[in-house]
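Working notes, structure below.
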Amino acid sequence: QFKGSALHGSDFSGADLTGSTFKASDVREANFDGANLTDCSLSALDLGKASFNKTILVRTNFSKSGLDGAKFSGVRLTDVTLTMTDLRKTIFEGCLFDGVDFKYSDLSGQCFDGQTFVGVKFDKAALTEVSFKGATLKNVSFLSGFTLSKKYYRAIKSICFDGATMDKLTFAALKGMEANLSKVTVI
């Protein structure tokens, strides 16, 4: 367990950190490349510019953490929860999101182009100007925290789905929220 720890620049690459807890710590610029973070809890952390290249993320919980400039590349996020986390400046490249929950997270302006989403929940997340160009979406949920307000409809309309592929259920839900799906392929 790492609580109130100064871990700035730490190298956890290749480490097995299964079941570890990181709380209220400075973990900026840490290297988690190839590390196993299965069943880990990471809360109230500064993970700015941390590296997660081919990191194993299964049932990992990120909560109230800063991920500015953090980079997730070649990662399969399985049943990961990102709660109340600012992800506007987080970098995702070549990721597969399987059962991920972005509850109350800010994804405004995020680029998810060409990535895959299966069983993902964007419920109660800020989604203004998000891009899903060429992405694959299957069984993905976009629900607002409250009644569907004009502000939420505007956010959904601002999402770019050009060239995306999605299942009929996801397509129907987004169409009902008036998303621009003119360049989407339904599977």
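Take segment 52-64 and flag every residue that is surrounded by fewer than 22 Cβ atoms within 10 Å (Cβ to Cβ) and touching a Phe, Trp or Tyr at 6+ places or on another chain (Cβ under 9 Å).
Residue satisfying the conditions is Asn53 alone.
Listed here are the residues, each with its yes/no results for (1) open to solvent by less than 20 Å² (accessible area, probe 1.4 Å); (2) closer than 18 Å to Lys71 by Cα; (3) in contact (Cβ under 8 Å) with a residue 60 or more places away in the chain; (4) among the small types (Gly, Ala, Ser).
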| position | (1), (2), (3), (4) |
| --- | --- |
| Ser13 | no, yes, no, yes |
| Asp16 | no, no, no, no |
| Ala24 | no, no, no, yes |
| Val27 | yes, yes, no, no |
| Asn36 | no, yes, no, no |
| Gly48 | yes, yes, no, yes |
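Out of segment 167-181, which residues are exposed (fewer than 12 other Cβ atoms within 10 Å of the Cβ) and at pLDDT 95 or above?
Within segment 167-181, Lys168 is the sole residue that qualifies.
With closer than 24 Å to Gly94 by Cα, among the hydrophobic types (A, V, I, L, M, F, W, C), in contact (Cβ under 8 Å) with a residue 12 or more places away in the chain and in contact with a Gly (Cβ under 9 Å, 6 or more places away or on another chain) as the only criterion, which of Val186, Val140 stands out?
Val140
Go through segment 65-102 residue by residue and tally those that are open to solvent by 20 Å² or more (accessible area, probe 1.4 Å), more than 22 Å from Arg28 (Cβ to Cβ) and of a type outside the set (S, T, N, Q).
Going through segment 65-102 one residue at a time, the tally reaches 7.
Can you find even one residue in segment 144-159 that is outside any loop (DSSP other than H, G, I, E, B), at pLDDT 95 or above and hydrophobic (A, V, I, L, M, F, W, C)? Break it down into steps so the answer makes sense when it comes.
Quick first cut of segment 144-159, residues outside any loop (DSSP other than H, G, I, E, B) only: 150-157.
Now narrow it down to the ones that are at pLDDT 95 or above: none.
No, segment 144-159 contains no residue that is outside any loop (DSSP other than H, G, I, E, B), at pLDDT 95 or above and hydrophobic (A, V, I, L, M, F, W, C).
The values are calculated or read from the model by the stated rules, or taken from the named source; none is laboratory data. Only a predicted model underlies this, so the values are computations on that prediction, with no experimental measurement involved. As a convention, Cβ positions derive from the backbone with ideal geometry for all residues, glycine included, and neighbour counts pool all protein chains shown. Each accessible area value is taken on the protein alone, full model and side chains, heavy atoms only, with ligands, DNA and RNA left out. Shrake-Rupley method; radii C 1.70, N 1.55, O 1.52, S 1.80 Å.
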